[in-house]
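**Q** Can you keep this structure in mind? I'll have questions shortly.
Bear in mind that the values in this text are calculations on the coordinates, not laboratory data. Predicted model only: the values in this text are computed from it and were never measured.
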Amino acid sequence: MKKLALLFTGLSLLAITGCNDDDTPELIYPIAGTWQPVKEVITVIPTGGGGYSDEITYSTCQQESRWIFNENSSGQRTDNEEVGTPAVCSVISDRSFTYVYDKKEKDFEIKYQGTAATEKGEVTLLTETSLNLKIEDMTDPNQYKSVTYTFKRVQ
């Protein structure tokens, strides 16, 4: 009888301590850092249906562009393009911005200095090395338009 009680106690203890907690916390990576744009996907969907998506892989020159997100919610966006004949990789735009990122909801808003407009969207992917940022354009009531930028962390 002692052996049976000991076996029952052992199995009970195993059942209690052997439970697996499936609520493992999700890793949250910081958006702060320097990001290299790799490609963008433009999606347009008219209200009547149809629509399309275009994937644009950036050239080597365009991939020299940088988006810098600072921890204090400020940032800098530098865009490069090939300009002239012969083509030379040059900075065509250098803009400062502020941003708001809701880590829980993944909502994202960016405001460039010197403009009243804001760009809104969401972070669809954020890992240690990758970022997908979807910016939605809701200005035309006859269509939905978004641009999803794919970035690689460089610092």
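**Q** Once the Cα gyration tensor of region 20-91 is found, what semi-axes does its equivalent ellipsoid get, as square roots of 5 times the eigenvalues, in whole Å, sorted largest first?
**A** In descending order, the three semi-axes are 31, 24, 12 Å.
**Q** To the nearest whole percent, what portion of all C-alpha pairs in region 60-151 is separated by more than 19 angstrom?
**A** 49 percent
**Q** Taking H as built 1.01 Å from N, whose amide H comes closer than 5 Å to the amide H of residue 65, not counting residues under 5 places away?
**A** Sorted by chain and number, the residues that satisfy this are 80.
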